[in-house]
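Single-structure report; data block below.
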Amino acid sequence: MKIRFYTQSWPIRGSFTISRGSRTQADVVIVELEKRGVVGRGECVPYSRYGESVTSVLSQLEALVPLLEAGLDRFSIQEILPAGAARNAVDCALWDLECKAAGVSIWQRLRRYPPQPLVSAYTLSLDSPDMMEQAARDNVQFPILKLKMGGEGDLERVAAVRRGAPTAKIILDANESWTPELYQELVPELVKLNVAMIEQPLPAGDDEVLAELPHPIPLCADESCHDRKSLPALRGRYEMVNIKMDKTGGLTEALSLKYEARKEGFQVMVGCMLATSLAMAPAFVVAQGAQVVDLDGPLLLDKDRENGFKFIQQAMQPFRPQLWG
């Protein structure tokens with residue numbers, strides 16, 4: 001097997017701001033695995049919140065080269081690499097290679113029904129209430145708006161977006177920026193604004209108090225949920241888990257996490273990092289039947305890669321085999 005990995009930077013349309021800072025480009029790592037002339041690809045996003053960087057991911061991949069050349073498979077990679085971006089890219093490239101080598105689609109490989117189009121949330125970057133209201137008006141065609149929150153001033157931001165998009169389903173992503181006191185202050189008012197879900201209100205590791213607080217709006221674990229090992233600590237604190245390929249370390253664990261989460265009574269959200277359609281394709285597989293889909297990464301970029309996802313009337317259409325799987 002031949003291995004190639006490299007980085008790419010994709011400009012963001014404008015900028016993208018959350019509680020931890022702003023970005024103007026999406027930096028991704030691509031893994032290509034070639035065997036007997038067939039190439040499988042995977043894309044990942046190193047995320048500093050989890051102690052990752054492009055450099056650290058490239059180092060992990062470099063160390064894998066001898067093992068991959070010797071024929072390392074999807075199952076062994078789960079034991080060798082921790083859940084994270086590097087394993088995601090390799091795992092998804094191996095899935096792609098398997099499908100292409102066998103001449104089957106990922107749906108056939110998994111013995112799944114043909115995929116359905118999905119309606120994804122569209123993310124509004126953290127900004128002033130006036131700017132977020134204008135962003136809501138500019139994107140009122142999207143039925144689900146996901147608002148990035150930052151703590152102080154969040155109620156005004158949500159109220160402004162509700163004015164700009166009166167009929168939209170609104171979900172919030174606090175990115176760990178709230179305190180228990182702010183949570184208790186905001187939630188009754190957010191109920192009045194018909195907020196449908198709140199993602200990761202408190203910092204991961206300091207969210208045990210959520211088990212003692214009221215949940216009139218369902219809560220979704222993001223930074224607190226990485227893989228199946230995360231689930232026991234989430235009981236009573238959250239109603240939903242956000243599955244992302246770069247947290248689970250690839251499609252293999254993501255599918256297992258989805259199964260176990262549902263078995264434990266959690267609803268499922270499937271989200272993404274800022275990346276191209278190549279990173280969204282495996283997530284689209286997991287997102288079939290999910291309660292919330294948030295795979296708008298390509299829509300937030302200035303341009304997407306060739307053979308990327310098509311959106312028809314805001315519905316994300318099944319990807320073509322030229323992209324992945």
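The values are calculated or read from the model by the stated rules, or taken from the named source; none is laboratory data. Please read all numbers here as calculations on a predicted model, not as lab measurements. FYI the Cβ positions are ideal-geometry reconstructions off the backbone, even for glycines, and counts take in every protein chain you see.
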The range 216-236, residues that are over 19 Å from Val191 (Cβ atoms) and out of contact with any strand residue (DSSP E or B) (no Cβ under 7 Å at 6 or more places or on another chain): Glu223, Ser224, His226, Asp227, Arg228, Lys229, Ser230, Leu231, Pro232, Ala233, Arg235, Gly236
All positions within the range 199-228 that are within 21 Å of Tyr47 (Cβ to Cβ), assigned to a strand (DSSP E or B) and not small (Gly, Ala, Ser): Glu199, Cys220
Close pairs (8 angstrom Cβ cut-off, 6 or more residues apart or separate chains): assigned by TED's automatic domain parsing to the domain that holds Leu190 in the range 152-176, assigned to a strand (DSSP E or B) and at pLDDT below 95 anywhere: Asp173/Ile18; Asn175/Ile18
Members of the range 118-139 that are exposed (fewer than 15 other Cβ atoms within 10 Å of the Cβ) and either of a type in the set (Gly, Ala, Ser) or within 23 Å of the chain's Cα centre (by Cα) (or both): Ser128
Subset of the range 46-95 (residues that are assigned to a loop (DSSP other than H, G, I, E, B) and more than 19 Å from Leu255 (Cα to Cα)): Pro46, Tyr47, Gly51, Glu52, Ser53, Ala70, Gly71, Leu72
For Gly21: the one exception among (1) touching a residue at least 12 places away in the same chain (Cβ under 8 Å); (2) out of contact with any Leu (no Cβ under 8 Å at 6 or more places or on another chain): (1)
Meets criteria (closer than 13 Å to Ala283 by Cβ and touching a helix residue (DSSP H, G or I) at 6+ places or on another chain (Cβ under 9 Å)) for Met245: yes
Residues being more than 20 Å from Asn242 (Cβ to Cβ) and in a helix (DSSP H, G or I) - total across the range 153-185: 14
Failed item, numbered, when Ile80 is tested on (1) at pLDDT 90 or above; (2) of a type in the set (A, V, I, L, M, F, W, C); (3) surrounded by 15 or more Cβ atoms within 10 Å (Cβ to Cβ): (3)
Test: Pro282 is under 30 Å from Glu212 (Cα atoms) and not hydroxyl-bearing (Ser, Thr, Tyr): no
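Per-residue answers, yes or no, for (1) outside the structural domain of Leu155 (by TED's automatic domain parsing); (2) over 17 Å from Leu172 (Cα atoms); (3) free of Cβ contacts under 8 Å to residues at least 60 places away in the same chain:
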position: Glu208; (1), (2), (3): no, yes, yes
position: Asp222; (1), (2), (3): no, no, yes
position: Ser230; (1), (2), (3): no, yes, yes
position: Gly236; (1), (2), (3): no, yes, yes
position: Asn242; (1), (2), (3): no, no, yes
position: Thr248; (1), (2), (3): no, yes, no
Cross-chain or 6+ apart pairs with Cβ under 6 Å, the range 88-115 first and surrounded by 24 or more Cβ atoms within 10 Å (Cβ to Cβ), then assigned to a loop (DSSP other than H, G, I, E, B): Asn88/Gly249; Asn88/Gly250; Asp91/Gly250; Cys92/Gly250; Asp96/Trp324; Asp96/Gly325
